[in-house]
Amino acid sequence: MKFKTKTIPSAFILLFLVVQIAAAQQQKIAINKAPAALEISNFQVFPIKDSATERNYELYVKLPESYTAKTEVKYPVLYTTDAIWHLEILSAATEYILEDIILVGISWQKDANAALKEKHGAHVSRFWDYSMQPSDKKEIQEKYNLGQASRYLDFIQNDVMPYVETHFRADTQSRTYFGYSLGGQFGTYTLMTRPDTFHNYVIGSPSIKTEIDFLTTLNTQFDSIAKEKNKNLNANVFLSRGTLETEMEEPIEALTKLLNGRRDSGLSLQSKVIVGNHQSAFPMTAVRGVSWLATILKEDWNETTDLPFFQVPRRNHPLIQTAPKDNKDGILVGELGVHGGDKEMILKVAQAMSNNTYKNYDSFLIYQKDKLLFESYYARGRGKAPHPQASATKAYTGMALGRAIQMGYLTMEDLEKPLVSFLKELDPKKFAPGAERITLHKALTMSTGIRIAEEQWEDFRNNPSQIQGQQQVQAMLEHTAPITPESQTFLYGTGPGLVMQVIEAKVPGTAKEFIKTELLDKLGIHNYNWRTSPSGLPESGWRTSFTSRDMVKWGILAKSKGKWNGEQLIPENFMEKAMSRILLTGDDDVNRGGKEVSKQGY
């Protein structure tokens, strides 16, 4: 693009210079005046007193832009200590990542000892407020009275939170704490003693180098109380340190081990190492911490999908939809109560799930009358994140075999043939007696008759080289007890791996490629994880992950007798057989059915 040039009159240039000189003189005058203080916009300052000690503090509160307009909304709250140091970067991070949140900063003690403030700075009160233990040096303890974290936590619980939740529309079920360094030590203390104070903890580079023994004691004390009250440590935790904080590596690993050792289903821990030293790692800790918090509070935040499932933070609130969104994913949607279902009853069940009455539910979806009518997520459940599958994988493996039959690589008659007849790399001379009795049908129904001592299974696990590819079948048939009609009864576990071996042997390419191309791609399933077994083949009995909606697709495929979008993916007669009860397993038998479930079968 070309621009035309114009000659600027000399009179205009002179006028411009005069204006510039005048502006410079005014600027010189302004510089000589006392500078005006820069105020952070949208923050309000409120004095607050510790009702137990009469100490004075201030709260710095920033409300979200939508606060005035959305009068019906209650907002999550992010609390931070060391407010003067933290608020600006947390404000910027939440502005871009998590805008709908109330930000509350707690000041240092305003009326702290003047001489100590003169010596150490305005932040001196953090030495006693945030520290867990008294000093073992008498002169230091007398001067600073360290180890008042419990008292300071009382102040937050009894004064700060009630003030915030009385004066603002704060969500009492979504409180987050952010603490760094000594503030991180206070956060760790809170987590290990009164974890229910906050639902989410961002703890950066906590000063716990000499505190692990004390934290271990706190953990033991809390554990005994928790067991007595049948109570978990319920919290989402983001724990970090800087790459150059080598002295913190061992204590933070020890803290991580303490927390993971609890095996609390209510605890989610994500540990990160962030580039930098104690100072330079702070800004990224704040940004990464807020981004992590977004995985809990924002439904459309995608970072959750990249996390290992048990690092996914637990939801502060369930997502319950009686009219699921149309995601254009091949699933038709409707509305609960309008197109089917008892809305009142289902919502009552959903509320019980939300209250953890039934424990360990991550999602609950209802598909009825060819429509998805209800979709809800709890705990670690996320609509976009694959959820680990266990024995449902056996059904997926069976459907993959059905797909191979539909495409002509196998036949329905092959179900009754000896399984070893499909595997050409085996040496039958070494088989245990009766190996030919195992058919695909027997493998599908886990009634192969294979009986192998646990020590031998352990040897297979410890030496995976001997079970690669078809060597897996060879090893099993060599080490099993003789296979007889009497031994070919239902035994949970053995069988699906043999089915996967036949799929691998009969389809073009590999079983992994076949399952993806001919089954998952057909169903529009792309966000999944199907792990590889020690044999090198896809897992067949467990260790797959699918989103909850994609699990619905598997159900639709079964319900429609193998048809998807008008295409017969799996033979109808195969699906009819697969969906029928082929054998009884007994009322006291497998899978936690118990006597309450009658006529259990497979």
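How much of the DSSP beta bridge set in segment 42-182 is antiparallel, as a percent to the nearest 5?
In segment 42-182, DSSP labels about 55 percent of beta bridges as antiparallel.
By counting other Cβ atoms within 10 Å of each Cβ, how are 556, 225, 405 ranked from fewest to most?
Ordered by Cβ neighbours within 10 Å, fewest first: 225, 556, 405.
Relative contact order for segment 389-578: what is it in percent, counting Cα pairs under 8 Å that are at least 6 residues apart?
30 percent.
Under a plain spin-label model, where a point goes 7 Å from the Cα along Cα-to-Cβ, how far apart in nm are residue 265 and residue 510?
3.5
With only alpha-carbon atoms in the gyration tensor, what are the semi-axes of the equivalent ellipsoid for segment 364-475, in Å, largest first?
Equivalent-ellipsoid dimensions as semi-axes: 35, 21, 12 Å.
Under the definition of Cα pairs under 8 Å and six or more residues apart, what whole-number percent is the relative contact order of the chain?
For the chain, the relative contact order is 8 percent.
Give me the angle, in degrees from 0 to 90, between the Cα long axis of helix 392-406 and the longest principal axis of the Cα atoms of the chain, rounded to the nearest 10.
50
If you put +1 on each Lys and Arg Cβ and -1 on each Asp and Glu Cβ, how big is the dipole of the chain around its Cα centre, in Debye rounded to 20?
Taking the Cα centre of the chain as origin, the dipole is about 1160 debye.
Ranking 168, 514, 238 by Cβ neighbours within 10 Å, fewest first, what do you get?
168, 514, 238
Under the 0.36 nm per residue contour assumption, what length would be gained going from the current alpha-carbon distance of residue 63 and residue 598 to full extension?
Roughly 186.9 nm would be gained on extension.
In 20 Å bins starting at zero, report the fraction of Cα pairs in the chain per bin as a rounded %.
16, 38, 29, 14, 3, 0
Report the calculated FRET efficiency for residue 167 and residue 370 (r = Cβ-Cβ distance, R0 = 35 Å), to the nearest 0.05.
With R0 = 35 Å, the Cβ-Cβ based efficiency is 0.10.
Could you work out the relative contact order of segment 319-380, using alpha carbon pairs under 8 angstrom and six or more residues apart, expressed as a whole percent?
43
What length, rounded to one decimal in nm, is gained on full extension from residue 360 through to residue 532, with 0.36 nm per residue of separation minus their alpha-carbon distance?
Stretched fully, the residue 360-residue 532 segment lengthens by 59.3 nm.
What is the local net charge at residue 529, summed over the other residues whose Cβ is closer than 13 Å to its Cβ (Lys, Arg +1; Asp, Glu -1)?
Here the count lands on +1.
Calculate, for residue 111 and residue 150, the FRET efficiency according to 1/(1 + (r/R0)^6) with r their C-beta to C-beta distance and R0 25 Å; round to the nearest 0.05.
Step by step, r from the Cβ atoms, then E = 0.75.
Is the shape of segment 122-279 best called rounded, prolate or oblate, per the rule: a/c under 1.5 gives rounded, else a/b larger than b/c gives prolate, else oblate, with a ≥ b ≥ c the square roots of the Cα gyration tensor eigenvalues?
rounded
List the pairs from 369/522; 506/577; 209/298; 272/343; 143/272 whose alpha-carbon separation is above 32 Å, in the order I gave them.
The answer is 209/298; 272/343; 143/272.
Calculate how steeply helix 281-297 sits against the longest principal axis of the alpha-carbon atoms of the chain, using the helix alpha-carbon long axis, and give the answer as 0 to 90 degrees to the nearest 10.
So the inclination is approximately 50 degrees.
Measure out, as a whole number of angstrom, how far apart the alpha-carbon centroids of segment 84-140 and segment 173-237 sit.
The distance from the Cα centre of segment 84-140 to that of segment 173-237 comes to 18 Å.
Per DSSP H run of at least 4 residues, take -39500 (n - 2.57); add these up for the chain, divide by its residues and hand me the 222 nm value, nearest 500 deg cm²/dmol.
Computed ellipticity for the chain at 222 nm equals -11000 deg cm²/dmol.
Could you please state, rounded to a whole Å, how far the C-alpha centre of segment 477-528 is from the C-alpha centre of segment 352-381?
30
Under 12 Å from the Cβ of residue 165, count the other residues' Cβ atoms, weight Lys and Arg +1, Asp and Glu -1, and hand me the total.
Residues near residue 165 contribute +1 overall.
Sort 542, 108 by Cβ crowding within 10 Å, fewest neighbours at the top.
With the fewest neighbours first, 542, 108 line up as 542, 108.
Provide the per-residue ³J(HN,Hα) series for segment 177-190, in order, calculated from phi with Karplus coefficients 6.51, -1.76, 1.60 and θ = phi - 60°, each as a whole number of Hz, with x at glycine and proline positions.
So the Karplus estimates, Gly and Pro as x, are 10, 10, x, 10, 6, 5, x, x, 4, 5, x, 5, 4, 4 Hz.
Rounded to the nearest 0.05, what FRET efficiency do residue 214 and residue 73 give with R0 = 35 Å and r taken as the Cβ-Cβ distance? Could you check?
Efficiency at R0 = 35 Å is approximately 0.30.
Mind checking the full-extension length gain between residue 280 and residue 123? Use 0.36 nm per residue of separation minus the Cα-Cα distance, one decimal, nm.
Stretched out fully, the residue 280 to residue 123 stretch lengthens by 54.6 nm.
Each value in this text was obtained by applying a stated rule to the coordinates, not by laboratory testing. Please read these numbers as outputs of a predicted model, since none were measured by experiment. Glycine also receives a Cβ, built like all others from the backbone with ideal geometry; neighbour counts cover every protein chain displayed.
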